[in-house]
Amino acid sequence: MNYTVRYDSSAEADLAGIWSGASDRSAVTEAAAWLDDRLARIPLRLGEARQSSVHRIVFRLPLGIEYEVVEDDKLVLVHGVFSTG
């Protein structure tokens, strides 16, 4: 079963800022698409746990994403996007 992926407004702004300032925008776009796909399909097997098993962080160069999984609602909440480069 797929999960719904939602970015909070600050995470959306982070991603837009990273994309705007990137020297290789296609790399940012490809990483974001790859991450969105995996977050929708396998969020608890992706990345590594932080504060608990449902608070996680994942990297796909040139991006990193901090997210939370709400298993009962099949929901992934993205709280932050950052550049790894």
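The values are calculated or read from the model by the stated rules, or taken from the named source; none is laboratory data. Owing to the predicted nature of the structure, the values given are computational and were not obtained by experimental measurement. Note that each Cβ is placed from the backbone with ideal geometry, even for glycine, and that neighbours are counted across all protein chains shown.
Within region 1-18, take every residue that is over 14 Å from the mean Cα position of the chain (by Cα) and of a type outside the set (S, T, N, Q) and give me the one that is surrounded by the fewest Cβ atoms within 10 Å (Cβ to Cβ). Top of the filtered list is 1. Strands (runs of 3 or more DSSP E) fully within region 28-85 that include at least 1 residues being at pLDDT 95 or above and surrounded by 13 or more Cβ atoms within 10 Å (Cβ to Cβ): 55-60, 63-70, 75-83.
Among the residues of region 1-52, those that are of a type in the set (Ser, Thr, Tyr) and touching a strand residue (DSSP E or B) at 6+ places or on another chain (Cβ under 8 Å) comprise 3, 4, 7, 10. Looking only at residues in region 30-41 that are free of Cβ contacts under 8 Å to residues at least 12 places away in the same chain and under 12 Å from the mean Cα position of the chain (by Cα), the one that is nearest to residue 72 (Cα to Cα) is 37.
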